[in-house]
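S.K.: Sharing a structure here in structure tokens format.
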Amino acid sequence: MKNRFIYNPTFLILSLVAINIISYFVFIRIDLTSNKKYSLSPVSKNMVKNIDKDVTVTLFMSEGLSQDKMKMGREFKHLLKEYKTLSNKAFTINTIVPDNDSKKLLALESGIHPFLQESTEKDMAKIQKIYFGAVIQIDNKRSVIPIISQHTPFEYEVTRMLKEACDTTKPTIGFLRGHNETLLDNIKQIRHELSRNAHVEPMLIDPFIDLNEYKVICIVGPKDTYSKEEIKQLQQYLKQGGRLFIALHHAIGQITTNQNNGFINRVGLEDMLQEFGLKINYDFVVDNYCGRIRVQSPGPFFRYHDELTFPYMPTIQKFSSHVITNGLNAISLLFASSITTVKTTSSYTFTSLARTSPISGVQEVPVFFDLQKTWTKHDYNRPNSTVAALLNNEDDKSAIIVVSNASFMEDNDYDALLLDNIRFAINSIEWLADDSGLIKLRNKYIVNQTLEPVSNSYRTFLKYFNFFLPIVIILGIALFQYRRYKIKRLRRSQAGYID
């Protein structure tokens, strides 16, 4: 009787209707991904619960989007529904299909830019103009995602806006000047991105300045020496919980028609860092996995440009398990020095953030560049050398991030590999400036999921196992059903059996 009630069509229909009604008001998903990609982080949950303003998210999605973009759109909508479920205020989600001139004009006025999408339809190449972006409006503040891509940090963008609405005070990040540092015009990308969450401004160290006004002080590529008084002021700033980001032009390389040599440039910060347990060595890092440079080679009639591998420009792919380096593929450093930890009485703890490959080494100064050199395994005498590190002091909450190269921070929008250089710098500075945990969301959607290498024999086993396993399962089910029906037929042939 109980089974008949469960399989009653009316009962099943009413159950499905009830489930749909409940799911309309309560949005629940089970997230089995390792990095909880499809779930809101605790920082996002706290932000949306504390927001006291109405939120409106408008998603512009053209018809005819490719399957991967349609999938991204669904993921974004599902994430927004989680925000809506937790919000104590109105959280409105709108979807606009720009299929006429008025809606296209609205998209453009909102900051959503069209792009061209190529597709194949009936063996014909088709190119159409696509709108795929979003506008997040909280009170009178607006944030625009002009083009949604696979690298768009959905949760980061929404939670960042919620944080701005809850807390209107922004930290101040200072870029130290006065020591022939890298020109600010050369790091516009980094400054622009940082300005979204902080006040970014140039600064000087003098006896009248209060360094505690700055959440983070960035020292990028100084060439002139710091005075003892300036070093003392920086040390006092750290004792009061200050944060430093230091990228040095420590190893200087000169490649010209007249000279090919390298030397070390000391600016006075090295001794302070060594007192805290971090030593920047007097060497040049070389790596078998490296970038290429263009050089002029003499020909019979004229000079021509040639591209050569240049081990002095290591491509770094080994990163620590830290929120700063999550999602990075590789960074490229030109003329870097190795970083090591030394024993001191300091309370700082040393953490390596980025290291060279297993086939790498160092060359002590002075260095003379031989562009035609044939490199051997003996040249790679020190594998896995640290080139970027973190010093963290739990006692006074101060922290220092040190990179033994500064040119990696310069603007770049033409080389996809070098885009991670910019991300690494932004992640580092934002981590130093952030107390809310927002930085953890920036790279949540681009964490690389890699497979561990396996042997050929194990790969062969997996291939045949995957091929035969479904066949064995189907045969097993068929055999079970056959025996089951055979037993039932035998029982039915017996006298007095009731089905």
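S.K.: Can you say whether THR450 is at pLDDT below 90 and surrounded by 10 or more Cβ atoms within 10 Å (Cβ to Cβ), as far as the supplied structure shows?
M.R.: Values: at pLDDT below 90: yes; surrounded by 10 or more Cβ atoms within 10 Å (Cβ to Cβ): no.
When the stated conditions are applied, THR450 does not pass them.
S.K.: Also, I was wondering about something else. Looking at ASN3, ASN35 in this structure, which one is at pLDDT below 85 and outside any loop (DSSP other than H, G, I, E, B)?
M.R.: ASN3
S.K.: Filter region 276-288 for residues that are buried (at least 18 other Cβ atoms within 10 Å of the Cβ) and assigned to a loop (DSSP other than H, G, I, E, B) and give the result.
M.R.: PHE276, GLY277, ASN281, ASN288
S.K.: Go through (1) assigned to a helix (DSSP H, G or I); (2) surrounded by 15 or more Cβ atoms within 10 Å (Cβ to Cβ); (3) touching a residue at least 24 places away in the same chain (Cβ under 8 Å) and name the single condition ILE205 misses.
M.R.: Here ILE205 clears every test but (1).
S.K.: Then there's this: Select from region 162-176 the residues that are farther than 28 Å from LEU248 by Cβ, surrounded by fewer than 21 Cβ atoms within 10 Å (Cβ to Cβ) and in contact with a strand residue (DSSP E or B) (Cβ under 8 Å, 6 or more places away or on another chain) and list them in ascending order.
M.R.: Once the filter is applied, which keeps residues that are farther than 28 Å from LEU248 by Cβ, surrounded by fewer than 21 Cβ atoms within 10 Å (Cβ to Cβ) and in contact with a strand residue (DSSP E or B) (Cβ under 8 Å, 6 or more places away or on another chain), region 162-176 yields GLU164, ALA165.
S.K.: Scan region 59-75 and report the pairs whose first residue is in the same structural domain as VAL135 (by TED's automatic domain parsing) and whose second residue is part of a loop (DSSP other than H, G, I, E, B) and among the aromatic types (Phe, Trp, Tyr), with Cβ atoms within less than 9 Å and a gap of 6+ or a chain change.
M.R.: Cβ pairs passing all conditions: PHE60/TYR131; MET61/TYR131; SER62/TYR131; GLU75/TYR38.
S.K.: Now, a different point. Among the candidates GLU118, GLU157, which residue alone is in the same structural domain as ASN46 (by TED's automatic domain parsing), out of contact with any Asp or Glu (no Cβ under 8 Å at 6 or more places or on another chain) and surrounded by 14 or more Cβ atoms within 10 Å (Cβ to Cβ)?
M.R.: Within the list GLU118, GLU157, the selection yields GLU157.
S.K.: Being more than 25 Å from the chain's Cα centre (by Cα) and either modelled with pLDDT of 80 or more or within 30 Å of GLY437 (Cβ to Cβ) (or both) narrows it down to one of GLU63, GLU75, so name that one.
M.R.: GLU63
S.K.: Right, next: From (1) at pLDDT 90 or above; (2) in contact with a helix residue (DSSP H, G or I) (Cβ under 8 Å, 6 or more places away or on another chain), pick out the condition that doesn't hold for THR351.
M.R.: Result: THR351 fails condition (2) only.
S.K.: Which members of region 208-228 meet the condition of being exposed (fewer than 15 other Cβ atoms within 10 Å of the Cβ) and farther than 30 Å from GLY262 by Cα?
M.R.: PHE208, ILE209, ASP210, ASN212, GLU213 - these are the residues of region 208-228 that are exposed (fewer than 15 other Cβ atoms within 10 Å of the Cβ) and farther than 30 Å from GLY262 by Cα.
S.K.: Let me ask something else about it. Which count do you get for residues in region 330-386 that are under 18 Å from GLY277 (Cα atoms) and in contact (Cβ under 8 Å) with a residue 12 or more places away in the chain? Don't jump to the end; show me each part of the working.
M.R.: Within region 330-386, the first condition is being under 18 Å from GLY277 (Cα atoms), and the residues that meet it are 337-355, 385-386.
Next cut, in contact (Cβ under 8 Å) with a residue 12 or more places away in the chain only: 337-344, 346-355, 385-386.
Qualifying residue count for the region: 20.
S.K.: When you scan region 223-275 for strands (runs of 3 or more DSSP E) that lie fully inside it, which ones turn up with 3 or more residues that are within 23 Å of TYR348 (Cα to Cα)?
M.R.: 243-247
S.K.: When you check ALA198 against the structure, is it under 15 Å from ILE426 (Cβ atoms), touching a strand residue (DSSP E or B) at 6+ places or on another chain (Cβ under 8 Å) and either surrounded by 20 or more Cβ atoms within 10 Å (Cβ to Cβ) or modelled with pLDDT under 95 (or both), yes or no?
M.R.: Here the answer is yes, as ALA198 does meet what is asked.
S.K.: Could you go through region 417-429 and let me know if any residue there is part of a loop (DSSP other than H, G, I, E, B), farther than 16 Å from TYR312 by Cβ and either within 17 Å of the chain's Cα centre (by Cα) or not assigned by TED's automatic domain parsing to the domain that holds SER347 (or both).
M.R.: Yes, region 417-429 contains a residue that is part of a loop (DSSP other than H, G, I, E, B), farther than 16 Å from TYR312 by Cβ and either within 17 Å of the chain's Cα centre (by Cα) or not assigned by TED's automatic domain parsing to the domain that holds SER347 (or both).
S.K.: Next question, about the same structure. For region 316-368, give me each residue that is surrounded by 18 or more Cβ atoms within 10 Å (Cβ to Cβ), among the aromatic types (Phe, Trp, Tyr) and within 30 Å of GLN259 (Cα to Cα).
M.R.: PHE335
S.K.: Could you check region 354-378 and list, in sequence order, the residues that are modelled with pLDDT of 90 or more and charged (D, E, K, R)?
M.R.: Hits for region 354-378 are ARG355, GLU364.
S.K.: Just to be sure before I move on: is THR85 outside any strand (DSSP E or B) and either in contact (Cβ under 8 Å) with a residue 12 or more places away in the chain or of a type in the set (A, V, I, L, M, F, W, C) (or both) in the structure I sent?
M.R.: For THR85, the condition - outside any strand (DSSP E or B) and either in contact (Cβ under 8 Å) with a residue 12 or more places away in the chain or of a type in the set (A, V, I, L, M, F, W, C) (or both) - is met.
S.K.: Right, here's the next one. Going through TYR445, TYR497 one at a time, which residue ends up being at pLDDT below 75, surrounded by 10 or more Cβ atoms within 10 Å (Cβ to Cβ) and more than 34 Å from the chain's Cα centre (by Cα)?
M.R.: TYR497
S.K.: Still on this structure, please answer the following. Mind checking whether some residue in region 102-111 is modelled with pLDDT under 85 and touching a Phe, Trp or Tyr at 6+ places or on another chain (Cβ under 9 Å)?
M.R.: Taking every residue of region 102-111 in turn, none turns out to be modelled with pLDDT under 85 and touching a Phe, Trp or Tyr at 6+ places or on another chain (Cβ under 9 Å).
S.K.: Anything in region 162-188 that is part of a helix (DSSP H, G or I) and without any contact (Cβ under 8 Å) to a residue 60 or more places away in the chain? List them, or say none.
M.R.: Matches in region 162-188: GLU164, LEU184, ASP185.
S.K.: How many of the residues making up region 290-326 are modelled with pLDDT of 85 or more, hydrophobic (A, V, I, L, M, F, W, C) and under 23 Å from GLY253 (Cβ atoms)?
M.R.: Selection size over region 290-326: 4.
S.K.: Let me ask another. Which one of the conditions (1) within 19 Å of ILE264 (Cβ to Cβ); (2) over 33 Å from the mean Cα position of the chain (by Cα) does LYS373 fail to meet, given that it meets all the rest?
M.R.: Among (1) within 19 Å of ILE264 (Cβ to Cβ); (2) over 33 Å from the mean Cα position of the chain (by Cα), the lone unmet condition for LYS373 is (1).
The values are calculated or read from the model by the stated rules, or taken from the named source; none is laboratory data. Because the structure is a prediction, the values reported are computed rather than measured. As a convention, Cβ positions derive from the backbone with ideal geometry for all residues, glycine included, and neighbour counts pool all protein chains shown.
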